[in-house]
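Report on the following structure.
The values are calculated or read from the model by the stated rules, or taken from the named source; none is laboratory data. Quick caveat, the model's predicted, so the values are computed rather than measured. Cβ atoms come from the backbone with ideal geometry, glycine included; neighbour counts cover every protein chain shown.
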Amino acid sequence: PFPESQAPDTKTDLTGLFTEKPQSGEVAVGENINFVAKVNAASLLKKPTIKWFKGKWMDLASKSGKSLQLKELYDRNSKVYTFEMQIIAAKPSFAGAYRCEVSSRDKFDSCNFDLTVHDIGLPCPLVSSFCASASKSQVKSEPDEDVWEILQKAKASEYEKIAFQYGITDLRGMLKRLKKMKKEEKKSEAFLKKLDPAYQVEKGHKMKLCIEVANEDVDVKWLKNGQEIQSTGRYIFESVGNKRYLTINHCSLSDDATYTCVVGDEKCTTELFVKEPPVTITSNLEDQMVMKGERVELECEVSEEGATVKWEKDGVELTRDESFKYRFKKDGRKHVLIINEATKEDCGHYTVKTNGGESMAELMVYQNIADLTVKAKDEAVFKCEVSDETVKGIWYKNGVEVKADARTHITHIGRIHKLTIDDVKPEDQGDYTFVPEGYAFNLSAKLNFLDPPKIHLDCMGHTADSTIVVVAGNKLRLDVPITGDPAPTVIWTKGEKVMTEGDGRLHVESTKGHCIFTIEGADKQDEGLYSVIVRNPAGEDKADINVKVCHQLPVMSIVTMFDFFFPGYVLERKKKKSYRWMRLNFDPYTDTTYEAKRMIEGVEYEMRVYAVNAIGMSRHSAASQPFIPVAPTSEPVGLCVDDISDTTVSLKWRTPEHLGSSELDGYGVEYCKEGCDLSGRLLPTADEWVPAFEGLTERTSVIIRDLPTGEKMQFRVRAYNMAGPSAPTSLAQAVTIREIMQKPKIWIPRNLRQTLIKKVEETINLVIPFQGKPRPVITWSKDGEPLNPKQVSIRNSDTDTILFIRKSERKDSGKYEVKLQIENVEDTASISIQIVDLPGSPEKLKIMDVWGFNVALEWKPPKDNGNCEITGYMVQKADKKTMEWYTVYELYRRTNCVVADLIMGNEYIFRIYAVNMVGLSLEPCFSADSAYIQKTGFEYKPPTYKEHDFSEAPKFTHPLVSRSVIAGYNATLSCSVRGIPKPKVTWYKNKMDISNEAKYRMFSKQGVLTLEIRKPCSFDGGVYMCKAVNASGEDAVECKLEIRRKYP
């Protein structure tokens, strides 16, 4: 157990991160001991990182295993991290000084503690004191030894023990210098040639490892990360003489490992690094313009399947958030960023990045004009906001330009464009579009006219024609056609009583275009005046219907011949699948032809006839053959002008709302010149309508050609079925046959706004979209000269122009210009194309000097750089005996280099390839002479350099700050100093040296000096001074520390 004075301090000091620090401990050999550190993470932005050290530099994380275990726990409630180091079965060599460091972002703290390991036979205090005295006497009696020789002969695991024994403070620096010292290597008995320290191969390529053994009959084992490799299709073992080969086919990332060749008791090891080719973007993102609320998909394609990409918006990485605003889709090599409902905040530049490139696209989100619904004589205002005050635009109604008049006002104030229509009329209903000049985009809205309700009856009121007679006991069914937008509400009344469904005899039903009132089994009390009232926000309408209920008269048994007369007929009909006949007329019908109405389309009916005279009714005739009533369709809807030129008009419409039971045969389109009737109203007569084409069309759009330029024309469309043509639908106003000019504008794709680089013999296919009406004249040129039609093909359409080169050549490089011209208005754009090829070989490779094992080379760049920058040179060497070429530098940028580590007694030749973005030059440049590395008689005189004096006098960059602390809580004083060589630091209290007092702890890390005062009392107050001294001078800072009582 710990003494009271050494109990862990659980209070947080003013600058530290620890809430509990590990304390020094003692343990017997073979026993276990735990060291615990706790850190409060409530105020930390990042999880703290902890490191355990033994001595000054040995990181214990790499030593974790059977004898040492590191644990980590986290309490979510208190937000405290607990770090534990457990030493299992302690050994005497485990004793020493330990350090624990914790860091989080810009915060850092550390503490030191000791571990003492005792032998089991002696009590702890006696053993420790005996060991200490014995070690001191031993050090004094031993003669001076050379530490360099001791380190050279010692094992790596004994370095720390030697440093502790001989008082070495800079062990790391000594070990670095020790590695540079020449050390005689033992000649291998099993290997004549070992593996190189490391090899590199590209992913998917083949790698061949080779060794030479002294005994041709010896067995060889190959290991990968310590596991023996079995011969498979990918791993092939070969034995040729005393050479042994390991071939790895189709290298993947899993082959990136340590490989070992074992021959008897000897082995050689190498590292194989598999270089993964960069993932490039083969299909770039494209700019998009969408409406607010629409779905957006930004799609790109990369060179490899399963590659990882990163999406950014305006430089900020996009991730899957809780709102699922962004979704990332991966389909093979395609990567898609999906935005379900675009908003104005989604505007910006989106970038997709891989380790081999990136692609950017701009997303623009527009808010459409709001649809309007107005009543008659109200005001309709369409408002559109554009991005720039200078942008002008044109308003269209159903494809026809809107002109300002007494009722229509067009205004442009700042970025707001308004279209105002006063005293709205039914003919103002339609689709309105705003088209900004110079942009291939438009905004649309719909103007809906509120239609007041209307009851459509042939006769209404209290006249005899408006009386409906029903026989008592039969069903009374009143089916009244109505119209109105929006759909009106229907109320049936009898007198002042509202008729609702009550006892089951009465049924009220409303459908689209009809309201139906039904009474099952009518009787005398159902007679009276019925009223139907229809209402919607635009108004109301009312109609009265008189209902009379009569009883059937008995047939007279005796009738004289003079009373006989023949007044007419009574007709009945029924649905074929029904058994109930319904009378069509209650008064005798005198004619022998009758037109039945109000039948349901698509339903089979049958009819029969009774003859009626004064005596009564005859027997009914036989039922007619079943027939199906067919009616024409309703008129087509939404007729508008889609496009217009000097001689053609493009019309489009939607299918009729009601098609009926018969199939639609097609549409007929007619046109005529606009004329005037006597009232001055524009109205063409029926005989002036001319069919636009022979027969019917099944499409809902048509282009009418060969129209007279400048004439005002009216158009109408009818739908046809077996019942005949429907009612026509016409344009709201006549159309002038004249093309609406649209300024020419070229839209250069984003990937063509910078220089387009292609390799020789690659295909070039540039698609340049544009806008402009009438169709502009397109002219291509290269560097101001016309294009050669044998090398370059140009194809033009109404919306884009294509430049195509099947096999590109170096001479195709240059600046291409495309010009659009409509009358005296034009627009131009330029595209730079660079055709690159392999570079030529370097020139005049010379051996400038040979010394020791080194050769200095110099050469000149190639005359032909392949039309792009030379990125470097590949330098290779070959021994004249074997003539096997080995790469010395793979991508060397200068035109001179030094080839080192050549073998004594060999003669070498050299060659150099030029490298650009396409690849290596086809032919290398060889050195004219060879370089012979002599065995003896060489002496290298190193150049002399004047040593620079880096010494600097100590200077405090951050002074001590006076503080006032509470008694009983740890306090720290901090400052920072710089100086070369590292200055010696001494702390003073009231000008008294306190370096050796146990109450104080001093820390120094990278020039930051900290003095920790453990549980200060009132006597610890005073003036503290920190003094730094080196050979170049000294400096000092001081501060005042005030100790306040814990409880006032």
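Selection of first residues in segment 207-218 that are part of a loop (DSSP other than H, G, I, E, B) and of second residues that are of a type in the set (A, V, I, L, M), restricted to Cβ pairs under 9 Å at least 6 apart or on distinct chains, gives the following pairs, ordered by first then second residue: ALA214/ALA190; ALA214/LEU192; ALA214/VAL263; ASN215/ALA190; ASN215/VAL263; VAL218/ALA190; VAL218/VAL263. For segment 361-390, filtering for residues that are surrounded by fewer than 18 Cβ atoms within 10 Å (Cβ to Cβ) and under 15 Å from ARG407 (Cα atoms) leaves 5. Filter segment 603-625 down to residues that are small (Gly, Ala, Ser) and surrounded by 11 or more Cβ atoms within 10 Å (Cβ to Cβ) and give me whichever is farthest from SER662 (Cα to Cα). Residue satisfying both the conditions and the ranking: ALA614.
Per-residue answers, yes or no, for (1) among the small types (Gly, Ala, Ser); (2) farther than 17 Å from PHE956 by Cα:
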{"site": "ARG1014", "(1), (2)": "no, yes"}
{"site": "VAL1023", "(1), (2)": "no, yes"}
{"site": "SER1032", "(1), (2)": "yes, no"}
{"site": "ASP1035", "(1), (2)": "no, no"}
{"site": "GLU1038", "(1), (2)": "no, no"}
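Could you grab me the full set of residues in segment 227-238 that are within 19 Å of THR270 (Cβ to Cβ) and loosely packed, with under 12 Cβ neighbours inside 10 Å?
Here is the first cut: in segment 227-238, the ones within 19 Å of THR270 (Cβ to Cβ) are 227-229, 234-238.
Correct list: GLN227, GLU228, GLU238.
Identify, from the list ASP503, ASP485, ASP541, ASP563, the residue that is modelled with pLDDT under 80 and surrounded by 14 or more Cβ atoms within 10 Å (Cβ to Cβ). Before you say what the answer is, go through the steps one by one.
Values: ASP503 fails: surrounded by 14 or more Cβ atoms within 10 Å (Cβ to Cβ); ASP541 fails: modelled with pLDDT under 80; ASP563 fails: surrounded by 14 or more Cβ atoms within 10 Å (Cβ to Cβ).
Step by step, each of ASP503, ASP485, ASP541, ASP563 is checked, and only ASP485 is modelled with pLDDT under 80 and surrounded by 14 or more Cβ atoms within 10 Å (Cβ to Cβ).
Taking (1) among the hydroxyl-bearing types (Ser, Thr, Tyr); (2) exposed (fewer than 14 other Cβ atoms within 10 Å of the Cβ); (3) modelled with pLDDT of 85 or more in turn, THR408 satisfies each apart from (2).
For segment 1002-1037, a residue qualifies if it is surrounded by 14 or more Cβ atoms within 10 Å (Cβ to Cβ) and of a type in the set (S, T, N, Q), and the qualifying residues are THR1010, ASN1030, SER1032.
When LYS880 is tested against (1) more than 22 Å from ILE909 (Cβ to Cβ); (2) surrounded by fewer than 18 Cβ atoms within 10 Å (Cβ to Cβ); (3) not β-branched (Val, Ile, Thr), just one condition goes unmet, and that condition is (1).
Within segment 887-944, being closer than 16 Å to ALA856 by Cα, of a type outside the set (Ser, Thr, Tyr) and touching a Pro at 6+ places or on another chain (Cβ under 7 Å) holds for ARG911, ILE912, CYS925. Contact annotation: residue pairs with Cβ atoms under 6 Å, 6 or more positions apart or on different chains, pairing a residue in segment 781-793 that is farther than 15 Å from GLU809 by Cα with a partner that is at pLDDT 90 or above, are SER781/GLU817; ASP783/GLY814; ASP783/LYS815.
Taken together, the residues in segment 712-723 that are surrounded by 14 or more Cβ atoms within 10 Å (Cβ to Cβ) and out of contact with any Phe, Trp or Tyr (no Cβ under 8 Å at 6 or more places or on another chain) amount to 3. Taking every residue in segment 939-966 that is in the same structural domain as CYS1017 (by TED's automatic domain parsing) and pairing it with any residue that is surrounded by 10 or more Cβ atoms within 10 Å (Cβ to Cβ) and of a type in the set (Phe, Trp, Tyr), at least 6 positions away or on another chain, yields no pair with a Cβ-Cβ distance below 6 Å. Quick one: in segment 187-206, which of the residues that are of a type in the set (A, V, I, L, M, F, W, C) and assigned to a strand (DSSP E or B) is nearest to THR270 (Cα to Cα)? Ranking the qualifying residues of segment 187-206, first place goes to ALA198. In the condition set (1) touching a Leu at 6+ places or on another chain (Cβ under 8 Å); (2) assigned to a strand (DSSP E or B), THR500 is compliant with all but (2).
For THR247, are the conditions met, namely being part of a strand (DSSP E or B), of a type in the set (S, T, N, Q) and at pLDDT 90 or above?
So THR247 passes the test.
Being assigned to a strand (DSSP E or B) and surrounded by 13 or more Cβ atoms within 10 Å (Cβ to Cβ) is a property that does not hold for SER841. Kindly indicate whether any position in segment 347-354 is assigned by TED's automatic domain parsing to the domain that holds GLU297, in contact with a Cys (Cβ under 6 Å, 6 or more places away or on another chain) and not in a helix (DSSP H, G or I). Yes; the residues of segment 347-354 include at least one that is assigned by TED's automatic domain parsing to the domain that holds GLU297, in contact with a Cys (Cβ under 6 Å, 6 or more places away or on another chain) and not in a helix (DSSP H, G or I). Using the structure shown, decide if CYS975 is touching a residue at least 60 places away in the same chain (Cβ under 8 Å) and crowded, with 16+ Cβ neighbours inside 10 Å. Here the answer is yes, as CYS975 does meet what is asked.
Within segment 488-498, the set of residues being at pLDDT below 85 and of a type in the set (A, V, I, L, M) comprises VAL498 only.
Among all positions in segment 800-822, there is no residue which is part of a loop (DSSP other than H, G, I, E, B), in contact with a Phe, Trp or Tyr (Cβ under 6 Å, 6 or more places away or on another chain) and small (Gly, Ala, Ser). Any idea which residue in segment 318-351 is surrounded by the fewest Cβ atoms within 10 Å (Cβ to Cβ), counting only those that are out of contact with any strand residue (DSSP E or B) (no Cβ under 6 Å at 6 or more places or on another chain) and acidic (Asp, Glu)? Filtering segment 318-351 for residues that are out of contact with any strand residue (DSSP E or B) (no Cβ under 6 Å at 6 or more places or on another chain) and acidic (Asp, Glu), the one surrounded by the fewest Cβ atoms within 10 Å (Cβ to Cβ) comes out as GLU322. Pairs are defined by a Cβ separation below 6 Å, a sequence spacing of at least 6 or placement on different chains, a first member in segment 840-863 that is in contact (Cβ under 8 Å) with a residue 60 or more places away in the chain, and a second member that is among the aromatic types (Phe, Trp, Tyr) and surrounded by fewer than 18 Cβ atoms within 10 Å (Cβ to Cβ); the pairs so defined are TRP851/TYR940; GLY852/PHE938; GLY852/TYR940. When the residues of segment 250-297 are filtered to those that are outside any strand (DSSP E or B) and of a type in the set (S, T, N, Q), the one that is surrounded by the fewest Cβ atoms within 10 Å (Cβ to Cβ) is SER254.
Please work out if ASP993 is exposed (fewer than 15 other Cβ atoms within 10 Å of the Cβ) and either of a type outside the set (S, T, N, Q) or on the phi > 0 side of the Ramachandran plot (or both). In short, yes. Taken together, the residues in segment 589-602 that are surrounded by 13 or more Cβ atoms within 10 Å (Cβ to Cβ) and either modelled with pLDDT of 90 or more or farther than 28 Å from SER662 by Cβ (or both) amount to 1.
Among the residues of segment 755-778, are any farther than 30 Å from SER634 by Cα, outside the structural domain of CYS672 (by TED's automatic domain parsing), assigned to a strand (DSSP E or B) and more than 38 Å from the chain's Cα centre (by Cα)? Checked against the condition, which is being farther than 30 Å from SER634 by Cα, outside the structural domain of CYS672 (by TED's automatic domain parsing), assigned to a strand (DSSP E or B) and more than 38 Å from the chain's Cα centre (by Cα), segment 755-778 yields at least one hit.
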